[in-house]
Amino acid sequence: MKLDAPTLVTVTVFVMVVMGALYLLSWSQARQTRALGFLGAAQLVGAVAVTLFGLRGLIPDWLSIGVANAVMLGAYGLIWGGARSFEGWRVRLTWIAAGPLVWLAACLVPPFYASLGARVILSSAVAGLACALAARTLWHHRGERLPSRAPAAILLASEALLLWVRIPATLVLPAPPTGTPEQTYWVAVLSFVALLYTVAVSVLFMAMAKERLEAEQRRAAETDPLTGIANRRALAAEARRALAAGPCALLLFDLDHFKRVNDTFGHAVGDAVLIGFCAAARRVLPAGAAFGRLGGEEFACLLPGAGTAEAAAAAETVRLAVAAMRPDPAPGLAVTVSVGVAWSTGDTGAGGFEALLGLADRALYQAKAQGRDRVELAAPELRQVA
């Protein structure tokens, strides 16, 4: 297949401009995602650099060599800045400008500027470093489960490796004379590779931004906005998974006389009590517990694999922690909680959580009937859901 350099340069510039415009349009609609702005700028700056490279021989060398490489290194720096911004790290423009400035300073040295090999080595080293740093930044945050993260990091790392391979190749292979068909061929190859990486990197970064937005929306749909813990929907889904896996205990909490707190001290204090209760409970609940708000002042906690003694001990620990609470807006206010406990011995089917919740609710009713601020277990003949 014959690679036509002018055509590939034109296509590469067109694609980079389109990708850059799409990034900037996306950024204008989601200004909090500054990474899109960095990456859009990187594409447009890269398009300028490719244009200058493509005009080699038609414009002065200081433009097609000196300025073009500086601009291209700036584009790679912006990609690194975009990766850092995407992960919430600080982006210093001096870091992005470091590569272009080093290049321009080197070009002021006549022996360096006159040596094609030296120019290739320096530009490849700096561009590869920017790609490697961007890859490392993305890989470092792989704990955030975004499906496109690993492919993006690997792609950037492979681009860094490809750029660095040019260094030993330059030292071993003679450079083709300027204006020869061989040089034109390599310009076409590099333009084609740049086109492939431009499209791939752009698509993967867009995919990561979309995946993060979807994850945030899922979290918002499954989180109680006041307390920050799971809402009833999320807790029920977690309960179904846990109950299908094996025995579980359910603790049902109800803050005592909560309506009186709201009526006497106001809703701001009531909200502080709810938030304080969640903080106190989360501090003492065992690892692996699924804790959520069912509504109002009612909360539930699922303890996978817990038996009677363990569930009762966990409930009592929470009760004592709540009794020691002193809400900041009303330090004299005494807060207590009643707890009902029930448990299941295995898979209870689709209605398992609601059935278990019903048993715990009966135990909670008994706790309130017997004076509140206590833990009650489901009646012996009703304790377990088979």
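The values are calculated or read from the model by the stated rules, or taken from the named source; none is laboratory data. Everything numeric here is computed off the predicted structure, so don't read it as measured data. Positions of Cβ are generated from backbone atoms using ideal geometry, with glycine treated the same way; all protein chains shown enter the neighbour counts. Side chains are part of the model used for accessible areas, which takes the heavy atoms of the whole protein and leaves out ligands, DNA and RNA. Shrake-Rupley method; radii C 1.70, N 1.55, O 1.52, S 1.80 Å.
Condition first: touching a Lys or Arg at 6+ places or on another chain (Cβ under 6 Å), β-branched (Val, Ile, Thr) and under 30 Å from Arg218 (Cβ atoms). Can you find one or more residues in the range 71-79 that meet it? Within the range 71-79, none of the residues are touching a Lys or Arg at 6+ places or on another chain (Cβ under 6 Å), β-branched (Val, Ile, Thr) and under 30 Å from Arg218 (Cβ atoms). Within the range 68-97, residues that are more than 19 Å from Gly40 (Cβ to Cβ) sit with their Cβ atoms under 7 Å from residues that are among the aromatic types (Phe, Trp, Tyr), at 6+ positions apart or across chains, in these pairs: Ala68/Phe53; Asn69/Trp103; Ala70/Trp103. Arg84 falls short of the stated requirement of being crowded, with 16+ Cβ neighbours inside 10 Å, basic (Lys, Arg) and closer than 19 Å to Ser123 by Cβ. Hey, among the residues in the range 21-54 that are among the β-branched types (Val, Ile, Thr), in a helix (DSSP H, G or I) and open to solvent by less than 50 Å² (accessible area, probe 1.4 Å), which one's farthest from Gly88 (Cα to Cα)? Residue satisfying both the conditions and the ranking: Val50.
Which residue is farthest from Ala245 (Cα to Cα), if the candidates are limited to the range 324-335 and must be at pLDDT 85 or above and either touching a Cys at 6+ places or on another chain (Cβ under 9 Å) or open to solvent by 40 Å² or more (accessible area, probe 1.4 Å) (or both)? In this case the residue turns out to be Ala334. If you check every pair at least six apart or on different chains, which have Cβ atoms under 6 Å apart with a residue in the range 257-277 that is closer than 22 Å to Gly371 by Cβ first and a residue that is open to solvent by 20 Å² or more (accessible area, probe 1.4 Å) second? That search, which allows pairs on different chains as well, returns Phe258/Glu297.
Annotation: Val18 fulfils all but one of (1) open to solvent by 10 Å² or more (accessible area, probe 1.4 Å); (2) touching a residue at least 12 places away in the same chain (Cβ under 8 Å); the unmet one is (2). Only one residue in Val193, Val201 is open to solvent by less than 20 Å² (accessible area, probe 1.4 Å) and either under 22 Å from Asp373 (Cβ atoms) or in a helix (DSSP H, G or I) (or both). Which one? The conditions single out Val201. The combined condition, being touching a Phe, Trp or Tyr at 6+ places or on another chain (Cβ under 8 Å), open to solvent by 20 Å² or more (accessible area, probe 1.4 Å), under 21 Å from Met325 (Cα atoms) and not acidic (Asp, Glu), is fulfilled by Leu285. Just one of the numbered conditions (1) surrounded by fewer than 22 Cβ atoms within 10 Å (Cβ to Cβ); (2) within 21 Å of the chain's Cα centre (by Cα) is not true of Gly57: (2). Given the structure, is Arg240 closer than 17 Å to Val322 by Cβ, under 28 Å from the mean Cα position of the chain (by Cα), of a type in the set (D, E, K, R) and surrounded by 13 or more Cβ atoms within 10 Å (Cβ to Cβ)? When the stated conditions are applied, Arg240 does not pass them. Checking the stated criteria, Phe277 turns out to be assigned to a helix (DSSP H, G or I), at negative phi and crowded, with 18+ Cβ neighbours inside 10 Å.
So that you can scan it fast, the table gives a plain yes or no per residue for (1) touching a strand residue (DSSP E or B) at 6+ places or on another chain (Cβ under 8 Å); (2) surrounded by fewer than 20 Cβ atoms within 10 Å (Cβ to Cβ):
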| position | (1), (2) |
| --- | --- |
| Pro247 | yes, yes |
| Leu252 | yes, no |
| Lys259 | no, yes |
| Ala268 | no, yes |
| Gly295 | no, yes |
| Ala300 | yes, no |
| Ala314 | yes, no |
| Ser344 | yes, no |
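Of all residues in the range 56-75, those that are under 19 Å from Gly117 (Cβ atoms) and not hydrophobic (A, V, I, L, M, F, W, C) total 5. Which pairs do you get when a residue that is more than 17 Å from Arg282 (Cα to Cα), found in the range 235-256, comes within reach of a residue that is open to solvent by 10 Å² or more (accessible area, probe 1.4 Å) and in a strand (DSSP E or B), reach meaning Cβ atoms under 6 angstrom, with the pair 6+ apart or on two chains? Once the first residue is more than 17 Å from Arg282 (Cα to Cα) and sits in the range 235-256, its partners that are open to solvent by 10 Å² or more (accessible area, probe 1.4 Å) and in a strand (DSSP E or B) give Ala242/Pro304; Cys248/Pro304.
Residues in the range 131-163 that are at pLDDT 90 or above, open to solvent by less than 20 Å² (accessible area, probe 1.4 Å) and among the aliphatic types (A, V, I, L, M): Ala134, Ala135, Leu138, Ala152, Ala153, Leu156, Ala160.
For the range 9-20, the count of residues that are within 23 Å of Arg92 (Cα to Cα) and out of contact with any strand residue (DSSP E or B) (no Cβ under 9 Å at 6 or more places or on another chain) is nonzero.
Among the residues making up the range 280-293, those that are part of a helix (DSSP H, G or I) and touching a strand residue (DSSP E or B) at 6+ places or on another chain (Cβ under 9 Å) are Ala281, Arg282.
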